[in-house]
1. Please arrange ILE54, ILE79, ILE27 by how many other C-beta atoms lie within 10 Å of their C-beta, fewest to most.
2. Go ahead and estimate [θ] at 222 nm for the chain from helices alone: -39,500 (n - 2.57) per DSSP H run with n ≥ 4, summed, over the residue count, rounded to 500.
3. Provide TRP156, TRP107, TRP127 in ascending order of the number of other Cβ atoms located within 10 Å of each residue's Cβ, fewest first.
4. Note down the magnitude of the dipole of the chain about its Cα centre, charges +1 on Lys and Arg C-beta and -1 on Asp and Glu C-beta and zero elsewhere, to the nearest 20 debye.
5. I'd like the distance between the alpha-carbon centres of the stretch 81-139 and the stretch 164-195, rounded to an integer number of Å.
6. Mind listing P(r) for the chain? All alpha-carbon pairs, 10 Å bins, whole percents.
7. Based only on Cα atoms, what Rg/Rh ratio does the stretch 1-103 have, Rh being taken as Kirkwood's radius?
8. Select from the stretch 1-66 those GluC sites (Glu not before Pro) which occupy a DSSP coil region and have at most 13 other Cβ atoms within 10 Å, ordered by residue number.
Amino acid sequence: MKIVLGSQSPQRKALLQSIVPAEQLLILPPESDNEPGFEDCRTVASIESQLLNIVRIKRADVLRQLQAGTQVDSLDCVICADTVVVVPGGDSAKQQFVLGKPPADNWQDVVREWFAKYYSGMTHEVWTGFSVATASASREMIVKTSVTFCDVDDSWMEWYLSTEEPIGKAGGYGIQEHAAVFVNSISGSLSSVVGLPVFEVGQALRELGGL
């Protein structure tokens, strides 16, 4: 069985290669980057629904490519995933929203604000939704991990911005890179925060005959 990873993320590829032999793995990212956003999502349920919707859109794109190229086999297994940072927002404790990638023009100011409001000395959540699917069956799940940062003072913040790590990163940081120095504790899956929950994906692959 070929395992098709629908992602161009080197982190997801490396994580999947920890459980899938390289010769069994095919990388085929979605052709379109036109995905719905989370601007109107302010509740746990709406964020969960949109996250799985994005994963399904990616999966459909990859399957379409496989079928168009006549590369698809009934035993092939497609894996797609999406990771978001979720923080509290609004007047109600039940309201949540997603931090996307910081804007290109003023990313430093935005990341400073995110650290001040949501990260420094506080706990936020990172959610990864994924789908593992064959032609006849699929497994979908959202894995949620709580990440607590230490207090980050101004000098440390300016050092972090000087690394330019936040550019293009969802939530403005990569836990496997410079931001690891801020992490006080994690409750849940570290690999999920990086981009792919290896344990849960491995269980899904076993259930579908991929491992």
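1. ILE27, ILE54, ILE79
2. Numbers: 6 runs with 66 residues, N = 211.
Helix contribution divided over all residues of the chain: -9500 deg cm²/dmol.
3. Details: TRP156 15, TRP107 18, TRP127 22.
Least crowded to most crowded, the residues run TRP156, TRP107, TRP127.
4. Details: 16 positive and 26 negative charges, 150 e Å.
In total the dipole reaches around 720 debye.
5. 11 Å
6. 8, 33, 34, 19, 6, 0
7. Working: Rg = 16.2 Å, Rh = 15.3 Å.
Expressed as Rg/Rh, it is 1.06.
8. Loop-located and lightly packed - GLU31, GLU39.
Taken together, the values in this text are just the output of simple stated rules run on the coordinates, not laboratory data. Here the structure is a predicted model, which means the values were calculated and not measured. Note: ideal-geometry Cβ built from the backbone for every residue, glycine included; neighbour counts use all protein chains shown.
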